[in-house]
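The values are calculated or read from the model by the stated rules, or taken from the named source; none is laboratory data. Everything numeric here is computed off the predicted structure, so don't read it as measured data. Note that each Cβ is placed from the backbone with ideal geometry, even for glycine, and that neighbours are counted across all protein chains shown.
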Ligand code: TRP
Ligand code: SF4
């Protein structure tokens, strides 16, 4: 089975180059290696923008068009809309029952965002709880990897704690011990002894090697039993029981995910601050060539270069950061030399960036134009993805309800 990747984005409307380089580019790559779920986190947008109903609706499909334009392939990735899946809200509610308030108050983004978004009243229950909603988004798909920016690490960490606590509280329900024994009895005597040995080693020393060996053994036997190569039959539940027992806890009803941080080059905005549509300093993925040219020609440069004859320092210039992402070595050397010696002018320096950005956008603009001409197709892609996601979300909720004793 391929490992599962899940990530979401708030609908902020048309995406800009920072979104592409910081996240989307990575998503497009991941869909070839993993089973990927990508969703529009429209409820999350409401945690801060609960007063603005129109903005969100418009932004959803603009954002999805850019995802598809960038190369997300609906045949490879499941693309869906959070608010169409009430299962997320159900899991959020159930997890909320046992989540200590302190865990949420301590999430660093909570205080940060309160500070930053002073013009909004964020003393709401939804805003405090939003990392837990994110935990539900992740756990409901039993995702292994969650590609997110560093700023979201604490949310993935919270998700892990929530999963661990859930498994501890509810993973040992009736039949846990018996289930473990029955599953293990399907292994050869040698493998049973090997499993016990690794379990003991992991319990005593926390050895990652013991954990890895034990897990590999379980997965190998599970595959053989499920395929019928070994007699006895097998279910996914039995894998969860044995892995839970190996860890010394209950059954892993919910899976602890890992954050996936990929090295990304930060692209500043036109003025050198963080690129953001709301700061008016962004180059949009779908800007046309003329707009791109105008925007980049107007970009801030090293303030020391007042006149053409004043030398500058690329390290102090946002244009340089664009070269880092968009130019080859020769061009970068040319910039370094030419800037420091006042051999080139800033407009001259910006031209290769303009050319590279326009070239990169060409396929995006073409794909986006085709999709905009067929809005129904975009809706259909999202509907279809949502139904695929629903199958997984429903199954998890069945397990969760049963584990909590809510299956009466
Ligand atoms: N909180 C994320 C953000 O603001 C978006 C998000 C919501 C998300 N749920 C998620 C990301 C689940 C990864 C996984 O950017
Ligand atoms: Fe920036 Fe290029 Fe001008 Fe140097 S020459 S200040 S790197 S735009």
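Quick notes on this structure:
- Every test in (1) buried (at least 16 other Cβ atoms within 10 Å of the Cβ); (2) over 15 Å from residue 70 (Cβ atoms) is passed by residue 341 save one, and that test is (1).
- The helices (runs of 4 or more DSSP H) found entirely in region 30-128 that carry 3 or more residues being under 23 Å from residue 162 (Cβ atoms) are 42-49, 86-98, 101-105, 108-116.
- Residue ID - modelled with the lowest pLDDT, chosen from residues in region 262-281 that are surrounded by 15 or more Cβ atoms within 10 Å (Cβ to Cβ) and under 22 Å from the mean Cα position of the chain (by Cα): 264
Residue by residue, here is whether (1) within 16 Å of ligand 2 (Cβ to nearest atom); (2) in the same structural domain as residue 32 (by TED's automatic domain parsing); (3) under 21 Å from residue 262 (Cα atoms); (4) at pLDDT below 95 holds:
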position: 84; (1), (2), (3), (4): no, yes, no, no
position: 90; (1), (2), (3), (4): no, yes, no, no
position: 98; (1), (2), (3), (4): no, yes, no, yes
position: 104; (1), (2), (3), (4): no, yes, no, no
position: 110; (1), (2), (3), (4): no, yes, no, yes
position: 133; (1), (2), (3), (4): no, yes, no, no
position: 145; (1), (2), (3), (4): no, yes, yes, no
position: 159; (1), (2), (3), (4): no, yes, yes, no
position: 165; (1), (2), (3), (4): no, yes, no, yes
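- Among (1) surrounded by fewer than 20 Cβ atoms within 10 Å (Cβ to Cβ); (2) touching a residue at least 40 places away in the same chain (Cβ under 8 Å) - the single one residue 40 does not satisfy: (1)
- Selection from region 298-323 of residues that are surrounded by fewer than 12 Cβ atoms within 10 Å (Cβ to Cβ) and either in contact with a strand residue (DSSP E or B) (Cβ under 8 Å, 6 or more places away or on another chain) or closer than 23 Å to residue 283 by Cα (or both): 298, 303, 315
- Selection from region 344-360 of residues that are under 30 Å from the mean Cα position of the chain (by Cα) and free of Cβ contacts under 8 Å to residues at least 12 places away in the same chain: 359
- Every residue from region 249-306 that is more than 16 Å from residue 358 (Cβ to Cβ) and not in a loop (DSSP other than H, G, I, E, B): 258, 259, 260, 268, 274, 277, 278, 279
- Among the residues of region 68-80, some residue qualifies, meaning at least one is modelled with pLDDT of 95 or more, touching a helix residue (DSSP H, G or I) at 6+ places or on another chain (Cβ under 6 Å), surrounded by 13 or more Cβ atoms within 10 Å (Cβ to Cβ) and farther than 23 Å from residue 286 by Cβ.
Conditions (1) farther than 30 Å from residue 91 by Cα; (2) crowded, with 17+ Cβ neighbours inside 10 Å; (3) touching a residue at least 60 places away in the same chain (Cβ under 8 Å), marked per residue:
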{"position": "170", "(1), (2), (3)": "no, yes, yes"}
{"position": "178", "(1), (2), (3)": "no, no, no"}
{"position": "186", "(1), (2), (3)": "yes, yes, no"}
{"position": "192", "(1), (2), (3)": "yes, no, no"}
{"position": "200", "(1), (2), (3)": "yes, no, no"}
{"position": "204", "(1), (2), (3)": "yes, no, no"}
{"position": "211", "(1), (2), (3)": "no, yes, no"}
{"position": "218", "(1), (2), (3)": "no, yes, no"}
{"position": "222", "(1), (2), (3)": "no, yes, no"}
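- Conditions (1) farther than 22 Å from residue 72 by Cβ; (2) out of contact with any strand residue (DSSP E or B) (no Cβ under 7 Å at 6 or more places or on another chain): number failed by residue 326: (1)
- Candidates are the residues of region 1-29 that are within 12 Å of ligand 1 (Cβ to nearest atom) and assigned to a helix (DSSP H, G or I); the one that is surrounded by the most Cβ atoms within 10 Å (Cβ to Cβ) is 19.
- Taking the numbered list (1) more than 19 Å from residue 138 (Cβ to Cβ); (2) at pLDDT 95 or above in turn, residue 259 passes all entries but (1).
- Residue 332 vs. criteria within 16 Å of ligand 2 (Cβ to nearest atom), in contact with a helix residue (DSSP H, G or I) (Cβ under 7 Å, 6 or more places away or on another chain) and either touching a residue at least 60 places away in the same chain (Cβ under 8 Å) or assigned to a helix (DSSP H, G or I) (or both): yes
- The number of residues in region 309-329 that are over 20 Å from residue 22 (Cβ atoms) and more than 10 Å from ligand 2 (Cβ to nearest atom) comes to 3.
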